[in-house]
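Data block below; observations after.
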Amino acid sequence: MAFWRRNKEDKFSSSILGLDKSIEELKEREAAVEKELSVRFSKAIEKTRDSINNRLDTVFEGRKQIDDVLLDELEELLISTDIGVQTTMQVLDAVRRGVSRQEINDLAALKSVMKRELLGILEHSRETGVASETSVPDTIKPYVLMVVGVNGVGKTTTIGKLAQRIKNEGNEVLICAA
């Protein structure tokens, strides 16, 4: 039964695990992988940003005034671009306050307020870290986040952003899918 015989050269190769590599070679390979992931992540973020900008331009196209229909379309756009309901409401509340106080009277001012509000939220979250981690005791290891949702809503993009953020905070990240 030649089926069971193993050739001496057909042994399990330690090169798959990198055991035959020097530390320098492994570090170079790790740096190359990190650079590739960084480039891919940057391209994904750029694609997301361009998509949001294009969709915003479509919503603002042909509009002369700010009305409830425009604000409803902005709400739908922000929620559908994975900004989240709470963040969307916070941004639109600031816009509505500005409109009612007549501080926002044209589309340029509306865009400016939206940008300022979103940047303020990001700056605040940079200072406080990922919100869900602040309430988790340090004794829970490993800390697991589970992300669920229907197809096409941006789970993968969000997971990538969270992973990068958590890693930047000095933690190790492992992403698994089932």
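Each reported figure results from applying straightforward, stated rules to the coordinates on display, with no laboratory input. This structure is a prediction, so every number in the text was calculated from the model and none was measured. Heads up, the Cβs are rebuilt from the backbone with ideal geometry, glycines too, and the neighbour counts pull from every protein chain shown.
Run through the range 81-178 and list the trypsin sites (Lys or Arg not before Pro) located in a DSSP loop whose Cβ has at most 11 other Cβ atoms within 10 Å.
Details: sites: R96, R97, R101, K111, K115, R116, R126, K155, K161, R165, K167; in loops: R101.
In loop regions of the range 81-178 (DSSP not H, G, I, E or B), the sparsely surrounded trypsin sites (Lys or Arg not before Pro) are R101.
With neighbour counts taken as other beta-carbon atoms within 10 Å, the residues I104, I79 rank, fewest first, as I79, I104. A simple rule links phi to the HN-Hα coupling: the Karplus curve 6.51 cos²θ - 1.76 cosθ + 1.60 with θ = phi - 60°, which for the range 57-71 gives 4, 5, 5, 7, 4, x, 8, 10, 9, 9, 9, 4, 5, 4, 5 Hz, with x for Gly and Pro. Within the range 81-178, the GluC sites (Glu not before Pro) that combine a DSSP coil assignment with at most 16 other C-beta atoms in a 10 angstrom radius are E103, E169, E172. Put the Cα centre of the range 51-86 next to the Cα centre of the range 152-178 and the gap is 26 Å. Please label the shape of the range 135-177 as rounded, prolate or oblate, based on the square roots a ≥ b ≥ c of the eigenvalues of the alpha-carbon gyration tensor (a/c under 1.5 means rounded; beyond that, a/b larger than b/c means prolate, else oblate). Note, shape of the range 135-177 comes out prolate.
Rounded to the nearest 20 debye, the dipole magnitude of the range 135-177 is 140 debye, with +1 charges on Lys and Arg beta carbons, -1 on Asp and Glu beta carbons, and the Cα centre as origin. For N171, no residue 5 or more places off, or on another chain, has a built amide H under 5 Å of its own. Once amide H atoms are placed 1.01 Å from N in the peptide plane, what residues at a sequence separation of 5 or more from I104, or on another chain, have their amide H within under 5 Å of its amide H? Under 5 Å from the amide H of I104 lie the amide H atoms of V99, each far enough along the sequence or on another chain.
Across the range 97-102, rounded Karplus estimates of 3J(HN,Hα) from the backbone phi angles (6.51 cos²θ - 1.76 cosθ + 1.60, θ = phi - 60°) give 4, x, 5, 5, 8, 6 Hz, Gly and Pro being marked x.
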